[in-house]
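No value in this document is a laboratory result; all are computed from the given coordinates. None of these values were measured; they are calculated from a predicted model.
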Amino acid sequence: MMKKLRGIILDLDGVVVKSNLNFQEISKKIFGKRRFPLLENILQIEDSFRREHALKILKKYENKAASTCSLNDGMYFLFSLLNKYGIKKGLVTRNNRESVCIILEKFKLDFDAIVTREDTLPKPAKEPIIVACNKMGLVPPEVVVLGDYEFDMVAGKSAGAFTVLLKNPLQPYSQYADRVVTSIQEFIDFLKPLLDTRSPAFETT
């Protein structure tokens, strides 16, 4: 089914920003050993006091990483290009909302929709992609999801969006990615032909 490109949904850590969030360190702090995926393991803690304490530890690390992160190369240009063509911007992250606000204020970024783990089920569930689309007044086939991890690709694909993987050493490939890019600039180069409103943008599979 062919659709026009009307929105972009971005992941936060590894896509919008370069983060120094150390999940192994956090996992050892909470569990005494590596537990993956971290968020799911925390949410499965039966004792509510221990679960909330673990979430507070995770939040503390996320907020600290947010205050020290750097913006990914090419992000300001991507935003200016999307604004120029009236393409809506969504942010979907497994992080807490306070850490997101720290980053948006730090780099003066503006999104049409923001979905965090406090809003709905976290990725790889499709719900955060659908919620972001609803907030932007779009449907998933009109949206490109850019992420750097398998959970982003699974969420985007199951929601019906076009998925683009920002390749990195930990995630060089995904069977759920419709396209793989190596940088934000390469993603921009991929987008430019799709911004021509006279022709269909892409085909989801």
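Here are some notes:
- Taken along its principal axes, the alpha carbon cloud of region 142-193 reaches lengths of 29, 25, 12 Å, longest axis first.
- Extents of the chain, largest first, come to 55, 32, 31 Å (Cα atoms, principal axes, whole angstrom).
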